[in-house]
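Have a look at the structure below, then the notes.
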Amino acid sequence: MSRNVKKSREESLEILREYLTTDQSKGAICRKYGLNRNWVYTNLIKFAVADKKGGLPMKKLPGNVSIEKNYHDSDREDLLRRIRELEIELRKTEMARDAYEEMIRLAEQYYNLPIRKKSVAK
């Protein structure tokens, strides 16, 4: 039975290393470690590791959109590094937004006053 098991970074990389260096399928690795069937795919994306076929796994884009480009390895590494930086910045911004919303909610509850403006069409 597959479970959603939280693995440390080191454990995750070790499992991915085993997948990439053996002839086992993604499903076989997931069954071996009792992981969700999409765990390998998800973590290949998370750690920006190339799959056995040589390419990075990518989420499907809507329609017939293609983002295939020919980049040199150094360009690719720079782009991947920039993506990781932007993802970290996005997470920080989302956390700040969530903290701000929670602060307003608590203030509204404590003072029993509506702080958020309600938009009214005139």
Discussion item. Starting from the 7 Å offset along Cα-to-Cβ, what nm value, one decimal, do you get for the label separation of Ser8 and Leu86?
Written reply: 3.2
Worksheet entry | Nonlocal amide H pairs with Leu35, under 5 Å, H built at 1.01 Å | Arg3
Worksheet item: Once phi is turned into θ = phi - 60°, what whole-Hz ³J(HN,Hα) does the Karplus curve with 6.51, -1.76 and 1.60 give for every residue of the stretch 94-107, x standing for Gly and Pro?
Response: 5, 5, 5, 4, 5, 5, 4, 4, 5, 4, 5, 4, 5, 5
Discussion item. Can you work out the Karplus-derived ³J(HN,Hα) for every residue in the stretch 78-87? Use 6.51 cos²θ - 1.76 cosθ + 1.60 with θ = phi - 60°, whole Hz, and x for glycine or proline.
Written reply: 5, 5, 5, 4, 5, 4, 4, 4, 5, 5
Worksheet item: Applying 1/(1 + (r/R0)^6) with R0 = 22 Å to the Cβ-Cβ distance of Thr93 and Lys46, what FRET efficiency is obtained, to the nearest 0.05?
Response: 0.70
Practice prompt. May I ask you to evaluate 6.51 cos²θ - 1.76 cosθ + 1.60, the Karplus curve with θ = phi - 60°, for each residue of the stretch 26-37 and list the ³J(HN,Hα) values in order in whole Hz, giving x for glycine and proline?
Written response: 4, x, 5, 5, 4, 5, 4, 9, x, 9, 4, 5
Worksheet item: What residues qualify as long-range amide H neighbours of Asp51, i.e. H under 5 Å apart, gap of 5 or more or another chain, H built at 1.01 Å from N?
Response: Leu56
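Rule-based calculations on the coordinates, nothing more; no lab input. Keep in mind the model is a prediction, meaning the values are calculated, not measured. A quick note on method: Cβ atoms are made from the backbone with ideal geometry, for glycine too, and the neighbour counts reach across all protein chains shown.
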